[in-house]
Amino acid sequence: MGIVAAIQSAVHQQIKLLYQTDFPAASALVNETKPEFEGDYTVVLFALVKPLKKSPEGLGQELGAQLVAAHPELFSAFNVIKGFLNLSIAETYWLQFLDQHAANAQFGYHPANGQKVMVEYSSPNTNKPLHLGHLRNNFLGWSIAEIAKANGFDVVKTCIVNDRGVHICKSMLAWQRLGNGATPESTGIKGDHFVGDYYVKFENLLKEQTAPILEKFSKNDTSDVDASELPKLTAILNKLPELSGDKKKEAEDEIKEIARNSTEAMRAVRQMLIKWEQGDLETMALWEKMNSWVYEGFNATYKRIGSDFDKTYYESNTYLLGKELVESGLQKGVFYAKEDGSVWIDLTADGLDEKIVRRKDGTSVYITQDIGLAVQKYEEYKSDQSIYVVGDEQNYHFKVLKLIAQKLQLPSADGIYHLSYGMVELPSGKMKSREGTVVDADDLIAEMVKISAAKTEELGKVKDFNEAELAELYDTLGLGALKFFLLRVDPKKKMLFNPEESIEFQGFTGPFIQYTHARIKSILRKEESGITGSAVNSGQLFPLEKSVITLAEQFPAIIAQANAEHNPSVIANYIFRVAQTFNSFYTEHSVMNAESAEKKQLRLKLAAITSQIIATGMKLLGIKVPERM
């Protein structure tokens with residue numbers, strides 16, 4: 001039981017004894033005492049004042065005195081300020097905690113709870129390599145899964161590969177027309193990069209074909225437009241002269257999209273998708289060949305960043321099940337068909353909009369395969385919760401998915417949870433796949449390792465490392481800096497990525513924490529006799545010694561909070577505070593030359609539990625910590 005739970009339990013017991021009221025233990029609000037007041041933890045009394053018909057001061061005095069008298073092993077003193085009961089925790093409690101957990105490698109982990117969680121992340125498209133945005137996604141998903149495991153959940157890590165659709169056909173068509181038989185092997189280009197280059201080439205081709213159509217639109221010539229798009233385009237063109245600002249830009253973007261869809265290249269892509277869904281042998285062979293190039297590239301990157309999956313799903317295997325569910329939903333009246341044959345759902349009564357679930361040509365859309373996949377995943381694993389780690393631009397999509405699943409009465413519906421996260425932007429602005437301006441994951445990782453080598457050599461602390469050890473250290477620091485920088489921010493927030501800032505050895509960075517761990521390990525190696533199993537009785541704790549212990553005691557609660565909030569930054573922020581606090585302590589107090597043998601043992605145990613917490617916390621973020629630097 002952690003200190004907060006112990007305080008809540010004691011408060012519950014003593015209120016029951018004093019006032020014959022069964023106040024629920026969990027209802028007692030307990031916070032860390034503010035630095036300007038004396039005490040360690042504060043019980044907020046306001047919720048009890050009215051039902052007990054006591055003044056805040058009177059209640060605090062009575063309850064505080066009873067707590068100290070009844071639990072001397074837990075409380076040493078108290079004071080009351082208005083409606084706040086400030087409690088000082090007995091030093092014996094902190095010392096017993098330290099004795100119990102200093103050498104406990106499992107400290108922080110929670111027992112199995114019998115519940116299953118599925119975490120879906122990465123979700124790459126097979127028309128381009130992984131980029132900086134995918135890295136945040138992979139790091140978040142992997143960490144969320146590991147944090148859930150640490151909280152006692154049975155976890156299944158999954159990935160859905162978007163291996164079919166219009167975007168895939170774009171790369172296929174470009175290679176067909178422009179590839180001249182080139183392969184990753186013949187060009188020496190990594191497979192996912194190779195295919196991604198053709199996606200950009202298609203977009204360049206599309207720009208060339210779109211420009212003359214837009215020119216025609218400016219002269220009210222709409223001869224290139226499909227009949228189904230003509231009413232929409234005509235309405236926008238007629239309204240355009242009256243618009244200004246954002247409204248005008250939105251209209252111009254819609255016109256541009258209609259022009260893009262009216263090109264010969266896009267018509268050919270749509271025809272290719274229809275052929276694929278019909279199982280055309282030539283189209284399928286090209287699709288399989290190009291996807292195999294991409295998978296080889298993906299696997300190399302996943303191995304490099306330490307990302308893994310228990311099960312990989314492929315959109316090409318799930319979209320048909322989705323189409324069956326759409327047909328079933330039509331019969332139930334959940335969906336409705338328009339005159340052109342497309343199928344929709346009307347969610348206006350739920351505060352949303354109408355959403356297409358099947359195109360007029362019978363092909364599926366993203367939501368189609370997601371409906372099918374939700375059912376398939378539940379049938380295979382019966383997870384209590386299915387977490388989708390997907391960027392916040394898909395917030396609407398996942399609201400629709402959950403609503404559709406609920407309206408279809410799918411057993412997976414209530415467990416759907418969208419872990420929405422903000423996009424990663426660069427100092428130069430937003431990344432754009434169409435224009436080839438994304439930051440490639442492989443290139444970024446290589447650059448981070450290069451920067452870590454330069455920064456480390458600048459400090460001159462690795463002269464006794466051989467070449468292989470240096471390579472491993474630079475890799476550990478570079479990837480650690482990248483992961484920590486991307487995970488230290490609350491997932492809900494957008495973030496700006498700065499490689500140089502992320503690799504600093506001082507400040508809120510991965511290398512600072514990694515260096516602290518290595519420093520502690522160096523201290524522990526110097527003590528030949530090691531840490532004894534005897535209980536620590538060091539006399540009065542110095543403030544910084546106590547700060548290290550009290551912060552360490554919070555680790556299990558931090559892991560639980562990170563899981564409840566689906567937020568690895570809770571752990572990142574906490575581990576940084578742990579490293580900071582230990583460094584402050586170590587600056588003031590010697591470990592090896594402590595005032596007494598008892599103090600030395602105390603401080604060795606402080607060092608041991610701190611290094612263990614840092615190693616465990618960083619592991620939950622997917623970050624290695626070096627034993628020496």
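The values are calculated or read from the model by the stated rules, or taken from the named source; none is laboratory data. Just so it is clear, the model here is predicted, and its values are computed rather than measured. Cβ sites come from the backbone with ideal geometry, for glycine too, and all protein chains shown count toward neighbours.
Structure notes:
- Single residue of Leu135, Leu130, Leu173 found to be among the aliphatic types (A, V, I, L, M) and more than 30 Å from the chain's Cα centre (by Cα): Leu173
- Hits in the stretch 583-599 - residues which are free of Cβ contacts under 8 Å to residues at least 12 places away in the same chain, part of a helix (DSSP H, G or I) and not hydroxyl-bearing (Ser, Thr, Tyr): Ala597
- Of the residues making up the stretch 107-148, those that are closer than 15 Å to Leu486 by Cβ and of a type in the set (Gly, Ala, Ser) number 4.
Yes/no matrix, rows are residues, columns are (1) on the phi > 0 side of the Ramachandran plot; (2) in contact with a Gly (Cβ under 8 Å, 6 or more places away or on another chain):
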residue: Gly341; (1), (2): yes, yes
residue: Ile345; (1), (2): no, yes
residue: Lys355; (1), (2): no, no
residue: Thr363; (1), (2): no, no
residue: Ile371; (1), (2): no, yes
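- Residue count for the stretch 507-541, restricted to those that are in a loop (DSSP other than H, G, I, E, B) and either within 27 Å of the chain's Cα centre (by Cα) or modelled with pLDDT of 95 or more (or both): 3
- Test: Val4 is more than 20 Å from Ala90 (Cβ to Cβ), in contact (Cβ under 8 Å) with a residue 40 or more places away in the chain and in contact with a strand residue (DSSP E or B) (Cβ under 6 Å, 6 or more places away or on another chain): no
- Restricting the first member to the stretch 488-509 and to residues that are assigned by TED's automatic domain parsing to the domain that holds Lys450, and the second to residues that are part of a loop (DSSP other than H, G, I, E, B) and modelled with pLDDT under 85, the beta-carbon pairs closer than 8 Å and six or more apart or on different chains are Leu496/Pro427; Phe497/Val439; Asn498/Pro427; Thr509/Ile503.
- Note on the stretch 401-411: residues that are within 24 Å of Pro491 (Cα to Cα) and surrounded by fewer than 22 Cβ atoms within 10 Å (Cβ to Cβ) amount to 2.
- Qualifying residue in the stretch 602-610 (condition: touching a residue at least 40 places away in the same chain (Cβ under 8 Å), in contact with a helix residue (DSSP H, G or I) (Cβ under 9 Å, 6 or more places away or on another chain) and surrounded by fewer than 17 Cβ atoms within 10 Å (Cβ to Cβ)): no
- Meets criteria (in the same structural domain as Lys275 (by TED's automatic domain parsing), within 28 Å of Lys493 (Cβ to Cβ) and part of a helix (DSSP H, G or I)) for Gln394: yes
- Ser420 within 23 Å of the chain's Cα centre (by Cα) and part of a loop (DSSP other than H, G, I, E, B): no
- Ser383 touching a residue at least 60 places away in the same chain (Cβ under 8 Å), of a type in the set (Gly, Ala, Ser), within 22 Å of Asp163 (Cα to Cα) and surrounded by 20 or more Cβ atoms within 10 Å (Cβ to Cβ): no
- Number of residues in the stretch 322-369 that are within 21 Å of Met272 (Cα to Cα), of a type outside the set (A, V, I, L, M, F, W, C) and surrounded by 12 or more Cβ atoms within 10 Å (Cβ to Cβ): the value is 13.
- Subset of the stretch 33-58 (residues that are free of Cβ contacts under 8 Å to residues at least 12 places away in the same chain and acidic (Asp, Glu)): Glu36
- Flag for Thr587 being β-branched (Val, Ile, Thr) and either under 16 Å from Leu541 (Cβ atoms) or buried (at least 22 other Cβ atoms within 10 Å of the Cβ) (or both): no
Each row is one residue, and each column tells you yes or no for (1) assigned by TED's automatic domain parsing to the domain that holds Ile15; (2) surrounded by fewer than 20 Cβ atoms within 10 Å (Cβ to Cβ); (3) assigned to a helix (DSSP H, G or I).
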| site | (1), (2), (3) |
| --- | --- |
| Ala26 | yes, yes, yes |
| Val30 | yes, yes, no |
| Pro35 | yes, yes, no |
| Val43 | yes, no, no |
| Gln61 | yes, yes, yes |
| Gly64 | yes, no, yes |
| Glu73 | yes, yes, no |
| Leu85 | yes, no, no |
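- Residue pairs whose Cβ atoms lie under 7 Å apart, separated by 6 or more positions or on different chains, with the first residue in the stretch 238-251 and closer than 18 Å to Lys219 by Cα and the second not in a helix (DSSP H, G or I), are Ala251/Leu243.
- Residues of the stretch 563-582 classified as assigned to a loop (DSSP other than H, G, I, E, B) and in contact (Cβ under 8 Å) with a residue 12 or more places away in the chain, total: 3
- No other residue among Lys624, Lys619 is assigned to a helix (DSSP H, G or I) and out of contact with any Pro (no Cβ under 9 Å at 6 or more places or on another chain) apart from Lys619.
One line per residue, one yes/no per condition, for (1) buried (at least 18 other Cβ atoms within 10 Å of the Cβ); (2) farther than 19 Å from Ala174 by Cβ:
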site: Leu230; (1), (2): no, yes
site: Met266; (1), (2): yes, no
site: Lys289; (1), (2): no, no
site: Lys303; (1), (2): no, yes
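- The lone criterion from (1) more than 30 Å from Asp490 (Cα to Cα); (2) part of a helix (DSSP H, G or I) left unmet by Ala608 is number (1).
Quick grid of which residues meet (1) within 28 Å of the chain's Cα centre (by Cα); (2) among the polar types (S, T, N, Q):
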| position | (1), (2) |
| --- | --- |
| Trp293 | yes, no |
| Ser307 | yes, yes |
| Lys323 | no, no |
| Ser328 | no, yes |
| Gln331 | no, yes |
| Trp344 | no, no |
| Arg359 | no, no |
| Val365 | yes, no |
| Gln369 | yes, yes |
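- The condition of being within 30 Å of Val166 (Cβ to Cβ), at pLDDT 90 or above and surrounded by 14 or more Cβ atoms within 10 Å (Cβ to Cβ) holds for only one of Leu444, Leu477, Leu473, that being Leu444.
- Test: residue in the stretch 119-128 that is part of a strand (DSSP E or B), in contact with a helix residue (DSSP H, G or I) (Cβ under 6 Å, 6 or more places away or on another chain), at pLDDT 95 or above and among the hydrophobic types (A, V, I, L, M, F, W, C): yes
- Selection from the stretch 160-170 of residues that are within 26 Å of the chain's Cα centre (by Cα) and under 15 Å from Ser292 (Cβ atoms): Val161, Asp163, Arg164
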